[in-house]
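The structure under discussion appears below in the form of C-alpha cells.
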Amino acid sequence: MKFMNPENNYVETSDNCGLWVFLFPQIYFAAKGVWTHLVASVLLMPFTLGLSWLIYPFFAGQVVRTHYLRKGWKEV
C-alpha cells in the first residue's frame, strides 16, 4: 500500500503490515503514528493473555489504510 500526502506529495509505503505487527506490534503502530491502536494493543495484551497479539496482524492493513485515509491522504 502506498499513500500520498496531498499537501506536499510525500509518499508513505506500508508493506507487509501483518508481518510487522506480528513481530513488533507496538513499535510498528508507533512508527506509523497509529496511536489509538498502539494504546489498544497495549491495553488488550494483558486482558487477552497475548491472544490479541495473534489476532491484530490480520487487521493491521485495514487499520493503517483507515488511519491514512482519515488524515486526508490519498491511496496511490
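Remark: pairs (first residue in the range 49-76, free of Cβ contacts under 8 Å to residues at least 40 places away in the same chain; second residue part of a helix (DSSP H, G or I) and of a type in the set (Val, Ile, Thr); Cβ separation under 7 Å; 6+ apart in sequence or on different chains) = TYR56/VAL21. Selection of helices (runs of 4 or more DSSP H) fully inside the range 1-61 by the criterion of at least 3 residues being closer than 15 Å to LYS71 by Cβ and out of contact with any Leu (no Cβ under 6 Å at 6 or more places or on another chain) returns 35-47. Annotation: GLY18 fulfils all but one of (1) free of Cβ contacts under 8 Å to residues at least 40 places away in the same chain; (2) in contact with a Gly (Cβ under 9 Å, 6 or more places away or on another chain); (3) among the small types (Gly, Ala, Ser); the unmet one is (1). Checked against (1) out of contact with any helix residue (DSSP H, G or I) (no Cβ under 8 Å at 6 or more places or on another chain); (2) exposed (fewer than 13 other Cβ atoms within 10 Å of the Cβ), TRP35 passes all but a single condition, namely (1). If you take the residues of the range 62-76 that are within 16 Å of THR36 (Cβ to Cβ) and not hydrophobic (A, V, I, L, M, F, W, C), which of them is surrounded by the most Cβ atoms within 10 Å (Cβ to Cβ)? Checking each candidate, the answer is TYR68.
Read the figures in this text as sums done on the coordinates, not as results from a lab. Please read all numbers here as calculations on a predicted model, not as lab measurements. Heads up, the Cβs are rebuilt from the backbone with ideal geometry, glycines too, and the neighbour counts pull from every protein chain shown.
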